[in-house]
Amino acid sequence: MIDFKLLTTQKLPIQIEELQFCVYSKDQLIREKIQKTVSLLNLNQFKLKYSFFTNLDESIEFITYNQKSKILFLDYNQSYERDSIQRRIIEIHNDPWLHGTLIVILANQLTSKEFEELLNYGVIDIISSKDLLEKSNLLLRIISSIYNKLRFNQFSQNNSIIKNGRIRIKSDLNLIPDVCDLLISYSYQIGIRNLKQLSKIYLTLFEMISNAIEHGNCGIGFYKKSELIKKNINLSTYISEMNQNPDIASKRVEIKYELQTQIARFQISDQGEGFDVRKTIQLEQIKDLNRVNGRGILMSTKLVDSLQYNSIGNKVRFSLKNPQEFVPKNSPIFDFSNEKELVLKEGEILIREDTDADFLYFIISGKLGVYKNNRLIATLNHEDIFVGEMSFLEQTQRTGTVIALSQSKVLPISQRGFIDMLKTYPYAGVVLARLLSKRLIRRNLSD
């Protein structure tokens, strides 16, 4: 078990970069709150920058072509716009080039059907106007933390993988970000490399551990918490004062984790009296997101694949699968290839060094190793989208050998199919340029 008091984290090199996000809204109050969030937020390695649009099409175009923005806030409060916004969300969800885009909905009132549909289409969070300052601040901190790991670790290989264990912490809300950061690092090490999946893990962990401290160990109910918020009383300070009581100070929250390449499992337990889960989650009564009881728990049930409480409500288990295959519904990529999908057995060669580059390969599933001079220089999966693109674009012979490290599935794309794809989806070239940049950095680091 990890003694969290002795835990230290590796310091990453300081390198200021921009973390951009995009906001669509016609509401001046939302703009002012976003501006305030940006002015108050300090992200250390990142300079926070946002673009505000009052035209929906312009915001979608920005997120499509902008290299540094993968976060989109959409104002969903105008009922006459909801159908068009939902159509654009579905398009993003089904577009392989925009895979991983984090969509945040700003809405005060939703029907239960709208709430569920938005989460099913990959929306990462739904924020009410009352919570906008606090939740946008937290969300941007979470994303910057995860993005930092992806940015610095994407070319490293770490064989000291921690697959399971447990962490015990006292009832202190200030410890939660450190716990979440640690478990996100472990999740990354075992092979979860998708920004959206890591964000779902972080958000659910944050919500469940917060509930265990606030409602479990400290016994702060929904109405008491609402009263504290209304009086602008800092919840973290209030809980610190409650810890002066020896009975509360002695209680702990335990986080168990079991991490595998295919799935991540977590269990959070508190030492409180529990609660009636069914009474708290009132799905059919969701109308006003500013007032709904158990909204955080409900959000979490939609973010993960499985979430279950024990009978008394002081222990929760949840799991999230790590998708080994990404083939979105109606993916346009398949429209530009007349070739059959190739299924490779582990150890089978896809590309040989010094052979002609007739095809580019779209990675559907599995894991592929890129070798140069019999040395592994890169490992690719469906998150990398393509393999074999450099020599394919240059029309030169292959500069490396690609071998399946597990059973894998790829789709060959010919020169003609690739050109037709770029004509139909010009922004695919932007995505490819980003991939090429990453591969060149990887090649330089491996030399």
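Rule-based calculations on the coordinates, nothing more; no lab input. The structure displayed is predicted, hence computed values, not measured ones. Every residue, glycine among them, receives a Cβ derived from its backbone with ideal geometry; neighbour counts consider all protein chains shown.
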Could you give the nm distance between label points at residue 58 and residue 222, where each point is 7 Å from its Cα heading toward the beta carbon? 4.1
For segment 157-323, size of Cβ-based charge dipole, Lys and Arg +1, Asp and Glu -1, in debye: 400
If the only charges are +1 at each Lys and Arg Cβ and -1 at each Asp and Glu Cβ, what is the size of the charge dipole of segment 332-446 around the Cα centre, to the nearest 20 debye? 400
Students often get this wrong, so check it: of 345/367; 170/196; 200/367; 251/315; 36/231, which have C-alpha atoms separated by over 18 Å? 170/196; 200/367; 36/231
Quick one: if the Förster radius is 56 Å, what FRET efficiency do residue 312 and residue 406 give, using the C-beta to C-beta distance and rounding to 0.05? 0.85
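Evaluate E = 1/(1 + (r/R0)^6) for residue 66 and residue 379, where r is the Cβ-Cβ distance and R0 equals 25 Å; express this FRET efficiency to the nearest 0.05.
Step by step, r from the Cβ atoms, then E = 0.35.
How much length, in nm to one decimal, is gained on full extension between residue 249 and residue 271, taken as 0.36 nm per residue of separation minus their Cα-Cα distance?
Taking residue 249 through residue 271 to full extension adds about 6.8 nm, to one decimal.
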Label model pair residue 399, residue 141: point-to-point distance (7 angstrom along the Cα→beta-carbon line) in nm is 4.3
Can you list the residues, at least 5 places off or on another chain, whose amide H is less than 5 Å from the amide H of residue 263, using H built in the peptide plane? 322
Förster radius 51 Å - calculated FRET efficiency between residue 263 and residue 414, Cβ distance, rounded to 0.05: 0.90
Can you tell me the length gained on complete extension of the stretch residue 353 to residue 371, counting 0.36 nm per residue apart and subtracting the Cα distance? 5.6 nm
Return the long-range amide H neighbours of residue 165 (sequence gap of 5 or more, or a different chain), with a cut-off of under 5 Å between placed amide H atoms. 257
Would you kindly give the portion of the calculated P(r) for segment 332-446 that falls above 16 Å, as a percent of all Cα pairs? 59
Ordered by fewest other Cβ atoms within 10 Å, a rough proxy for footprinting exposure, 410, 304 read 304, 410
